[in-house]
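Read the structure below first, then the notes.
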Amino acid sequence: MEKFEVKRLQILDEKGNADTGLLPTLSDSDLKKLFELLILSRQFDQRALQLHAEGRLGTYASILGQEASQIGSAYALEKTDWVFPSFREMGVYITLGYPIWMLFQYWTGDERGMRTPDDLNIFPVSVPVGTHPPHAVGAAFASKIKGHRTATVAYFGDGGSSKGDFHESLNIAGVHRLPVVFICQNNQWAISLPREKQTAAKTIAQKAYSYGFEGIQVDGNDVFAVYKATKDALVKARTGGGPTLIECFTYRMGDHTTADDASRYRSKDDVEKWKARDPLLRLKLYMERKGLWTQQYEDEVKKKVTDFVDSEIKKHESAAMPEPNDIINFTYSALTQRQKKELE
């Protein structure tokens, strides 16, 4: 059998060294913004876990360790692009400017938290695994038919890449050269199932070639590599070059959700190995070399972020309770006669 190779793109290594020949164009202001978004997303994540432990938040899916995959890709998006997330993309929501208090609201079980603000083209969380890539493909098809120069992005995990919806989506996108970017956060685990028990393929990225378009694997803990790969794929999509599959090779540092105990199926040594690849740490080391990071700067950012997240929690918890009739009001596009009588 012929050996198929997909090279992994890495620009920033674990020591904070960057390949200057591959570095994307990012200003000092951009670097600080990325760093601050990484800290903000991590603080949101930590507070969500704490709130769950206190009985103030429902089942939650942590993004710890995957921040660069989410923030690096979302930072490359334009306001006009459309985003279809799964259930583990809080870093994407935060980068795009989604109100944080509404994210907390959603994770308490209040669906009003997913009432997306009008200025954001991001769809609600998709909890079923891998069912939303067809929706992204449909949006991309509509964009192409209407002649819009926009791109559509679908986020999913390695578990989602083993679903039939994934293959159908890639097939349609490839046949019609649709302006869609598929971003797989390969965090090595689909709940307790390791990636190698899902597919015999060496990479997930190579599956794109079966459908006639490019697949790229990037170091998912390298915010520069993720940003560059996504930026290039989005430009290609908007200019008629067709779809791209990006596999972000990363790691889920926490449990699958707060209903899981990952220690039952993975070793501590594996987790410790990946701690050294922390996306926040390697960006900090790079910025320190450039004179953009000091301990005082990080302390100030953390203080600002902590106060902000705490204020968003207070805003969420002080919001009025939903109206009971909303269960009926928003089930159908129009109320039935029976429902109208029940509301009288």
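The values are calculated or read from the model by the stated rules, or taken from the named source; none is laboratory data. If you're wondering where the values come from, they're calculated on a predicted model, not measured in any experiment. Cβ sites come from the backbone with ideal geometry, for glycine too, and all protein chains shown count toward neighbours.
Exactly one residue out of THR25, THR59 is of a type outside the set (D, E, K, R), without any contact (Cβ under 8 Å) to a residue 40 or more places away in the chain, at negative phi and not in a helix (DSSP H, G or I), and it is THR25. Is it true that some residue in region 195-214 is assigned to a helix (DSSP H, G or I) and of a type in the set (Asp, Glu)? For region 195-214, residues assigned to a helix (DSSP H, G or I) and of a type in the set (Asp, Glu): present.
Contact annotation: residue pairs with Cβ atoms under 6 Å, 6 or more positions apart or on different chains, pairing a residue in region 180-209 that is under 17 Å from THR257 (Cβ atoms) with a partner that is surrounded by fewer than 14 Cβ atoms within 10 Å (Cβ to Cβ), are SER192/TYR265. Close contacts from region 113-142, counting a first residue that is within 15 Å of ILE183 (Cα to Cα) and a second that is of a type in the set (Asp, Glu) and part of a helix (DSSP H, G or I), with Cβ to Cβ under 7 Å and a gap of 6+ residues or different chains, come to GLY130/ASP165; THR131/ASP165; PRO133/ASP165; PRO134/ASP165; PRO134/GLU168. Per this entry, GLU298 is not counted among residues that are among the acidic types (Asp, Glu), in contact with a Cys (Cβ under 9 Å, 6 or more places away or on another chain) and at pLDDT 95 or above.
Residues that are among the β-branched types (Val, Ile, Thr) and assigned to a helix (DSSP H, G or I) within region 283-315 comprise VAL301, VAL305, THR306, VAL309, ILE313, listed in sequence order. When residues in region 60-104 are screened for being under 10 Å from the mean Cα position of the chain (by Cα), farther than 23 Å from GLU312 by Cα and not hydrophobic (A, V, I, L, M, F, W, C), 3 of them pass. Regarding region 33-43, can at least one residue be identified that is surrounded by fewer than 23 Cβ atoms within 10 Å (Cβ to Cβ), at negative phi and touching a Ser or Thr at 6+ places or on another chain (Cβ under 8 Å)? Looking for residues that are surrounded by fewer than 23 Cβ atoms within 10 Å (Cβ to Cβ), at negative phi and touching a Ser or Thr at 6+ places or on another chain (Cβ under 8 Å), one finds at least one in region 33-43, hence yes. Looking across TYR93, TYR60, one residue alone is at pLDDT 95 or above and closer than 22 Å to ALA139 by Cβ. It is TYR93.
Scanning region 267-280 for residues that are touching a residue at least 12 places away in the same chain (Cβ under 8 Å) and either part of a helix (DSSP H, G or I) or surrounded by fewer than 16 Cβ atoms within 10 Å (Cβ to Cβ) (or both) turns up VAL271, TRP274, LYS275, ALA276, PRO279, LEU280.
Answer yes or no as to whether GLY65 is in a loop (DSSP other than H, G, I, E, B), touching an Asp or Glu at 6+ places or on another chain (Cβ under 9 Å) and either surrounded by 19 or more Cβ atoms within 10 Å (Cβ to Cβ) or of a type in the set (S, T, N, Q) (or both). In short, yes. For region 79-119, residues that are among the hydroxyl-bearing types (Ser, Thr, Tyr), assigned to a helix (DSSP H, G or I) and touching a Leu at 6+ places or on another chain (Cβ under 7 Å) total 2. When region 326-341 is limited to residues that are surrounded by fewer than 11 Cβ atoms within 10 Å (Cβ to Cβ) and not in a loop (DSSP other than H, G, I, E, B), the one that is farthest from the chain's Cα centre (by Cα) turns out to be LYS341. From the list GLU14, GLU36, the lone residue that is in contact with a helix residue (DSSP H, G or I) (Cβ under 6 Å, 6 or more places away or on another chain), within 16 Å of LEU280 (Cβ to Cβ) and either at pLDDT below 95 or assigned to a helix (DSSP H, G or I) (or both) is GLU36.
For (1) assigned to a loop (DSSP other than H, G, I, E, B); (2) of a type outside the set (Gly, Ala, Ser); (3) surrounded by fewer than 17 Cβ atoms within 10 Å (Cβ to Cβ); (4) at pLDDT below 95, each residue gets a yes or a no:
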site: ALA136; (1), (2), (3), (4): no, no, no, no
site: PHE141; (1), (2), (3), (4): no, yes, no, no
site: THR150; (1), (2), (3), (4): yes, yes, no, no
site: TYR155; (1), (2), (3), (4): no, yes, no, no
site: ASP165; (1), (2), (3), (4): no, yes, no, no
site: LEU170; (1), (2), (3), (4): no, yes, no, no
site: VAL175; (1), (2), (3), (4): no, yes, yes, no
site: LEU178; (1), (2), (3), (4): yes, yes, no, no
site: VAL181; (1), (2), (3), (4): no, yes, no, no
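Whether any residue in region 199-216 is buried (at least 21 other Cβ atoms within 10 Å of the Cβ), of a type outside the set (Ser, Thr, Tyr), out of contact with any helix residue (DSSP H, G or I) (no Cβ under 7 Å at 6 or more places or on another chain) and over 18 Å from TYR75 (Cα atoms) is what I want to check. There is at least one residue in region 199-216 that is buried (at least 21 other Cβ atoms within 10 Å of the Cβ), of a type outside the set (Ser, Thr, Tyr), out of contact with any helix residue (DSSP H, G or I) (no Cβ under 7 Å at 6 or more places or on another chain) and over 18 Å from TYR75 (Cα atoms). Considering region 254-266, the residues that are in contact with a strand residue (DSSP E or B) (Cβ under 9 Å, 6 or more places away or on another chain) and not in a helix (DSSP H, G or I) include one that is nearest to SER29 (Cα to Cα), namely HIS256. Sub-6 Å Cβ pairs linking a first residue in region 286-306 that is in contact (Cβ under 8 Å) with a residue 40 or more places away in the chain to a second residue that is loosely packed, with under 15 Cβ neighbours inside 10 Å and of a type in the set (Asp, Glu), at least 6 apart or interchain, are LEU292/ASP28, ordered by first then second residue.
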